[in-house]
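Worksheet: the structure to be examined is printed underneath.
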Amino acid sequence: MVKAVVIGAAGGIGQPLSLLLKQSTLISELALYDVVNAPGVAADISHINTPAKVTGYLPKEDGLAKALQGADIIVIPAGVPRKPGMTRDDLFNINAGIVRDLAVKIAEVSPKAFILVISNPVNSTVPIVAEVLKKKGVFDPKRLFGVTTLDVVRASTFVSEAAGKPEDSLSFRIPVIGGHSGVTIVPLLSQTSPSIAVDQQKIEELTNRIQFGGDEVVKAKDGAGSATLSMAYAGARFATAVLEAAAGKKSDFPEMGYVHLSADEAGAKEVTSVIGNSTSFFSVPLELGPNGVEKILPLGKLSEYEQGLLKKAVEDLGGNIGKGVAFVESSK
Ligand code: NAD
Ligand code: LMR
């Protein structure tokens with residue numbers, strides 16, 4: 001019996017993500033929470049003839065606590081999205097407070113659940129959740145994830161197209177490490193499997209497209225928001241991987257996730273030796289298991305170009321993480 005909760009369930013990501021989770025036979029109860037329209041979305045989705053029982057909650061009558069009660073996995077796409085001309089960090093002022101307040105309730109009601117944070121800026125919102133949980137004495141680094149799967153999904157799509165094999169996009173695997181914004185996103189194209197024969201110029205074009213793929217969607221939506229459907233797909237994929245591993249299934253390939261490196265000290269040591277710098281949070285290849293992060297897997301061999309990308313990523317990430325930590329410290 002698995003209870004999944006979507007917070008921000010009436011939004012652009014929340015609705016299709018809830019739809020995809022309703023299709024999962026791993027989930028027996030699906031609680032949808034939002035500040036608007038969650039009961040409506042829940043009523044709609046509840047008519048689908050898959051096993052999960054669906055409920056919807058608003059803030060009134062302590063709806064968030066009711067939604068979170070007994071949660072095994074909580075997925076958070078709550079908050080505002082970008083408009084053209086904005087960076088993800090420009091969302092911090094609004095989303096940091098939203099995520100902090102949600103984390104407070106999670107710490108009180110369902111601290112043992114897996115927590116998957118989608119709300120941007122992920123580089124800072126995940127540290128915010130961690131700090132709140134730490135303050136409440138319930139932080140388990142193995143169970144908190146920033147969802148960076150969309151970067152991995154984009155990498156498979158763009159690389160398979162560049163290789164002239166778009167029909168094989170599902171089997172193209174590219175580790176994407178670091179964070180989730182601009183230059184903090186580091187695709188390891190030298191480790192593409194199956195390998196591709198492209199020159200350095202193409203590698204740099206692909207790297208740039210993966211790093212700034214979110215901007216393509218923001219521009220195309222022209223003020224109506226950012227990626228929602230591809231994100232719902234990516235979020236459901238990552239949530240499914242976490243739930244399958246919790247149920248004891250071994251995965252065929254590692255998913256990436258933005259985690260606190262203390263989730264696996266030995267793995268973190270190896271990662272830090274490759275990064276050549278210290279960072280508390282990083283998106284890394286994960287072996288997932290019944291308790292969440294089982295192992296942080298080695299990053300493998302990096303090209304000189306990728307080592308240069310990493311250096312820049314770690315510099316930027318430090319500021320993003322520090323901003324999140326400082327926000328919680330300065331909160332009452
Ligand atoms: P949206 O505006 O369509 O939906 C957000 C939803 O959150 C709305 O329904 C809103 O009512 C709800 N919400 C706001 N405050 C809330 C609160 N306190 N509690 C519960 N719900 C609340 O936005 P969207 O397009 O779905 O994007 C949501 C977030 O996801 C944005 O921050 C966006 O930048 C981020 N995002 C992340 C990734 C990623 O790869 N991690 C990808 C795409 C978007
Ligand atoms: C994305 O990568 O599409 C999301 O982070 C949304 C955005 O703001 O680009």
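The values are calculated or read from the model by the stated rules, or taken from the named source; none is laboratory data. None of these values were measured; they are calculated from a predicted model. Quick reminder, even Gly has a Cβ in these numbers, built from the backbone with ideal geometry, and neighbours come from all protein chains shown.
Based on what the data block shows, is residue 288 in contact (Cβ under 8 Å) with a residue 12 or more places away in the chain, crowded, with 22+ Cβ neighbours inside 10 Å, over 28 Å from residue 246 (Cβ atoms) and in contact with a helix residue (DSSP H, G or I) (Cβ under 8 Å, 6 or more places away or on another chain)? Lay out the reasoning, then the answer.
On the way: in contact (Cβ under 8 Å) with a residue 12 or more places away in the chain: yes; crowded, with 22+ Cβ neighbours inside 10 Å: yes; over 28 Å from residue 246 (Cβ atoms): no; in contact with a helix residue (DSSP H, G or I) (Cβ under 8 Å, 6 or more places away or on another chain): yes.
The answer is no for residue 288.
Would the range 245-252 turn up any residue that is touching a Leu at 6+ places or on another chain (Cβ under 8 Å) and modelled with pLDDT under 95?
Scanning the range 245-252, I find at least one residue that is touching a Leu at 6+ places or on another chain (Cβ under 8 Å) and modelled with pLDDT under 95, so the answer is yes.
Kindly evaluate residue 301 against the criterion of being closer than 24 Å to residue 189 by Cα, among the basic types (Lys, Arg) and not in a helix (DSSP H, G or I).
Details: closer than 24 Å to residue 189 by Cα: yes; among the basic types (Lys, Arg): yes; not in a helix (DSSP H, G or I): yes.
It is true that residue 301 is closer than 24 Å to residue 189 by Cα, among the basic types (Lys, Arg) and not in a helix (DSSP H, G or I).
Only one of (1) within 16 Å of ligand 1 (Cβ to nearest atom); (2) in contact with a strand residue (DSSP E or B) (Cβ under 9 Å, 6 or more places away or on another chain); (3) not β-branched (Val, Ile, Thr) fails for residue 216. Which number is that?
(2)
Would you mind telling me which numbered condition in (1) more than 30 Å from residue 329 (Cβ to Cβ); (2) within 16 Å of ligand 2 (Cβ to nearest atom); (3) of a type in the set (Ser, Thr, Tyr) residue 46 fails?
Unmet condition: (2).
Residue 32 passes all but one of (1) under 22 Å from the mean Cα position of the chain (by Cα); (2) within 16 Å of ligand 2 (Cβ to nearest atom); which number fails?
The failed condition is (2).
Within the range 157-186, work out how many residues are outside any helix (DSSP H, G or I) and not polar (S, T, N, Q). Steps first, answer last, please.
From the range 157-186, those outside any helix (DSSP H, G or I) are 163-165, 172-181, 185-186; that's our starting set.
Within this subset, residues satisfying the condition of being not polar (S, T, N, Q) are 163-165, 172-180, 185-186.
Of the residues in the range 157-186, 14 are outside any helix (DSSP H, G or I) and not polar (S, T, N, Q).
Yes or no: residue 60 more than 19 Å from the chain's Cα centre (by Cα) and either away from ligand 2 (no atom under 16 Å from the Cβ) or under 21 Å from residue 129 (Cα atoms) (or both)? Full working, then the answer.
Numbers: more than 19 Å from the chain's Cα centre (by Cα): yes; either away from ligand 2 (no atom under 16 Å from the Cβ) or under 21 Å from residue 129 (Cα atoms) (or both): yes.
The answer is yes for residue 60.
Residue 279 versus (1) part of a strand (DSSP E or B); (2) touching a helix residue (DSSP H, G or I) at 6+ places or on another chain (Cβ under 6 Å); (3) of a type in the set (Ser, Thr, Tyr): which is the lone unmet condition?
Here residue 279 meets the rest and fails (1).
Please work out which residue is farthest from ligand 1 (Cβ to nearest atom), limiting yourself to the range 129-167 and to residues that are more than 19 Å from the chain's Cα centre (by Cα) and free of Cβ contacts under 8 Å to residues at least 24 places away in the same chain.
Keep residues of the range 129-167 that are more than 19 Å from the chain's Cα centre (by Cα), which gives 134-138, 158-167.
After this cut, where a residue has to be free of Cβ contacts under 8 Å to residues at least 24 places away in the same chain as well, the list is 134, 137, 160-161, 164-167.
Numbers: 134: 21, 137: 24, 160: 20, 161: 20, 164: 27, 165: 25, 166: 22, 167: 25 Å.
Within the range 129-167, the match that is farthest from ligand 1 (Cβ to nearest atom) is 164.
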